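Student: The following block contains the structure, expressed as structure tokens.
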Amino acid sequence: MTLTKEKIKEIIAKYGKNEKDSGSTEVQIVLLTERINNLLKHFSIHKKDFLTRRNFLRLIGKRKRLLKYLKETNPERYSQIIKEIGLE
């Protein structure tokens, strides 16, 4: 359920500017989306895990702020990322 190093490297290679670009907005958004999707699977099993739910909501808020920033700075890339990660 966790992100493996191979999966992270694959995401960075696909969305980053180079293989070491883990800080760009697009990469951060996709990594957060992967973590959020993994936590959704976790919550289907552990319904009363409220501490993880709180951190889950923090991840959603962070992704929302990053998406807002990307929309303001690069609207074309924003619409492309939204389609690729399935948030439309």
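Student: Give just the number: which of (1) over 14 Å from the mean Cα position of the chain (by Cα); (2) loosely packed, with under 14 Cβ neighbours inside 10 Å does Lys7 not satisfy?
Tutor: (1)
Student: Here's another thing I want to ask about it. Regarding Ile8, is this residue without any contact (Cβ under 8 Å) to a residue 40 or more places away in the chain and not basic (Lys, Arg)?
Tutor: When the stated conditions are applied, Ile8 passes them.
Student: Considering region 9-36 alone, what residues qualify as being under 21 Å from Leu57 (Cβ atoms) and not β-branched (Val, Ile, Thr)?
Tutor: Passing the criteria: Gln28, Leu31, Leu32, Glu34, Arg35.
Student: Now, a different point. Is it true that Glu26 is assigned to a helix (DSSP H, G or I), under 25 Å from Gln80 (Cβ atoms), in contact (Cβ under 8 Å) with a residue 40 or more places away in the chain and not polar (S, T, N, Q)?
Tutor: Against the criterion (assigned to a helix (DSSP H, G or I), under 25 Å from Gln80 (Cβ atoms), in contact (Cβ under 8 Å) with a residue 40 or more places away in the chain and not polar (S, T, N, Q)), Glu26 qualifies.
Student: Just the residues that are in a helix (DSSP H, G or I), exposed (fewer than 14 other Cβ atoms within 10 Å of the Cβ) and among the acidic types (Asp, Glu), please, taken from region 33-88.
Tutor: Glu72, Glu76, listed by residue number.
Student: Looking at (1) farther than 22 Å from Ile8 by Cα; (2) surrounded by 13 or more Cβ atoms within 10 Å (Cβ to Cβ); (3) not basic (Lys, Arg), which is the one condition that is false for Gln28?
Tutor: (1) is the only condition that Gln28 fails.
Readers should treat all values here as calculations from the given coordinates under stated rules, not as data from a laboratory. None of the values given here were measured: they were computed from a predicted structure. So basically every Cβ, Gly included, is an ideal-geometry build from the backbone, and we count neighbours across all protein chains shown.
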